[in-house]
Every structure is written in structure tokens, then in C-alpha cells.
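Presented below is the structure to which this report refers.
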Amino acid sequence: MIILDILPYIVISFILGIIIKFLERNNIINSICFNLMNHSKLEYDDMYVYVSTYIYWLFMISFAFLISFLQKQNILLYLYIERKYIIYIFINIFAVISAFEIIMAVISLINKDIRTNVIFNNILLVPSVYLLYSSRINPKWILIILSSIIKCLFFNGVIYLALRDKFQNLFFTIFIVGMLFSLEEIFRVTSIKQAFIFTIACLVVTFVNGLAFEYSGSLIPPIFANIAFTMYYFGQFENMRRY
């Protein structure tokens, strides 16, 4: 049954979505932060960004290794791109950002509550996004870029390949991966509007990246598209702060 094939990945997405909140509510992250602050000059907020980010990465990378081992994958084989497909790096970047902007523009015509500034404000209100963006740590942008790369390798790479081998249906596989991606993000938001925006973003990014991956046979275009998409919206936050 399809649901039994998907269930392990639903559980993984659920764990990734709640792990930081779970550790936070049990004061585990706080304890780690305060212990590390005894050996560092970082303030609590900055230390929290490091600790929560690294814990999240650790779980995601651990799941990636587990899935790759069970499915006998080698994700490194897809970190190469043939010269003739290099142009798709730029096409994919344009396609991901444009597709999301167009879809949200159409939705804004139907629902006036969904405007560009509403999108940016709601994304920025997500606790994990706000903490990372507002932190004063020097390698903030490096953390943002690395997060984009790790998420792309995990969802558009490891999970996508695992499900593609099971279903043998491109568009169904892309849809399921997009929903798993959005499920992981939804557990970290605080409102229905944020959940809606993140769901659309995850589905769009997964769809465009899935097609680019299938056509080029490489994860390089999806990786650069993820980075560009994330940097584009974090850049919009900078513009909002400036004006």
C-alpha cells in the first residue's frame, strides 16, 4: 500500500518539524546553551541559533545517512553536472522564484490578505526564521546557505530518490516529496497563514527542482535554486528593515 511506503518518511518529517520545539520545552537546548556560554562570549540568542541549527542539521543528516544506507543510495553521484546542463542552473533559479511569485500574485488577486508585504512579514514571524535572521553572529549568511543546501540534498535528493524508486511516477513522487517538505516546515510555524505560504513555497520549489533534477541528472541546479530562493527572501527582509 502507498500509505505504508510513505509512512516512514512522514514520521521523519514530523520528527524534524518538532525536534527543536521538543528539546526547547524540555529545557535541553537551554541547558546546552548555558553550558556552552560558560566557555564562550556569545550571548544567549546567538548561542541558541548555533545550537538549534546544529541539532537540526544533525538529525537531518542522520536520517539522510540512514535512508541512503537502507535504499543503497549514493547522493554524491548527483553532485556533478555535465557542461551542457550548466545553463539550467540559471534557468532553475529564475523558474523557482518566478513560479512562486506568480502563484502568490494570483492568490493575492483572490485573497487581499495575501500581499507581498504579508508574505514577507509572515515568513519573518516564523520563530526559527526570525531568530536566524535577527542574530548578530558573523557567519549568519553561511548558516542560511548551508541550511538551504542540506535541505535540498535531503528532500530533493535522498527522499526524492527513495520515493521515485518506489512509485515510478514522476509527478506523484514530486507531489509527495513537496508535501513531506511542507509538513516538516508546518510544524515550525505559528499561524495558518504561515502554514499556507510555506506549503505553497515547498510545493513550488520541489516541483521545479524535481523537473530540473530529472532533466539534468544533477542536484546542482536544485541546490543553487534553493540558495537563491532563500537569499532572495532574506534580502527582502533587509529591504523591509531599511524602509
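The values are calculated or read from the model by the stated rules, or taken from the named source; none is laboratory data. Since we're looking at a predicted model, the values are computed, not measured. Cβ atoms come from the backbone with ideal geometry, glycine included; neighbour counts cover every protein chain shown. These area figures cover heavy atoms from the full protein model, side chains too; ligands, DNA and RNA do not enter into them. Shrake-Rupley method; radii C 1.70, N 1.55, O 1.52, S 1.80 Å.
Report the residue count in segment 24-55 for those that are in a helix (DSSP H, G or I) and touching a residue at least 60 places away in the same chain (Cβ under 8 Å).
Final tally of qualifying residues: 7.
Would you check if there is a residue in segment 119-126 being modelled with pLDDT of 85 or more and touching a helix residue (DSSP H, G or I) at 6+ places or on another chain (Cβ under 8 Å)?
The answer is no, given that none of the residues of segment 119-126 is modelled with pLDDT of 85 or more and touching a helix residue (DSSP H, G or I) at 6+ places or on another chain (Cβ under 8 Å).
Within the set of pairs 6+ apart or on separate chains, which have a first residue in segment 164-175 that is within 18 Å of VAL208 (Cα to Cα), a second that is open to solvent by less than 70 Å² (accessible area, probe 1.4 Å) and of a type in the set (Ser, Thr, Tyr), and C-beta atoms under 9 Å apart?
Qualifying pairs under 9 Å: ARG164/THR173; THR173/TYR160; ILE174/TYR160; ILE174/THR206; PHE175/THR206.
What about TYR80, is it modelled with pLDDT of 90 or more, hydroxyl-bearing (Ser, Thr, Tyr) and not in a helix (DSSP H, G or I)?
yes
Could you count how many residues in segment 24-56 are open to solvent by 90 Å² or more (accessible area, probe 1.4 Å), within 24 Å of GLU184 (Cα to Cα) and modelled with pLDDT of 90 or more?
Qualifying residue count for the region: 1.
Going through segment 3-23 one residue at a time, which ones are free of Cβ contacts under 8 Å to residues at least 12 places away in the same chain and either more than 22 Å from SER62 (Cα to Cα) or open to solvent by 80 Å² or more (accessible area, probe 1.4 Å) (or both)?
Across segment 3-23, the qualifying residues are ILE3, LEU4, LEU7, PHE22.
Output the residues belonging to segment 86-115 that are part of a loop (DSSP other than H, G, I, E, B) and either open to solvent by less than 40 Å² (accessible area, probe 1.4 Å) or at pLDDT 90 or above (or both).
The answer is ILE86, ILE114.
Would you confirm, using the coordinates I've provided, whether ILE192 is aliphatic (A, V, I, L, M), farther than 15 Å from ALA99 by Cβ and modelled with pLDDT of 90 or more?
On the way: aliphatic (A, V, I, L, M): yes; farther than 15 Å from ALA99 by Cβ: yes; modelled with pLDDT of 90 or more: no.
When the stated conditions are applied, ILE192 does not pass them.
The rows are residues; the columns are (1) under 18 Å from the mean Cα position of the chain (by Cα); (2) of a type in the set (Asp, Glu).
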| residue | (1), (2) |
| --- | --- |
| CYS33 | no, no |
| LYS41 | no, no |
| ASP46 | no, yes |
| TYR56 | yes, no |
| ALA64 | yes, no |
| PHE69 | no, no |
| ASN74 | no, no |
| TYR80 | no, no |
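What residue, among those in segment 151-188 that are open to solvent by 20 Å² or more (accessible area, probe 1.4 Å) and either among the hydroxyl-bearing types (Ser, Thr, Tyr) or not in a helix (DSSP H, G or I) (or both), is modelled with the lowest pLDDT?
It comes out as GLN168.
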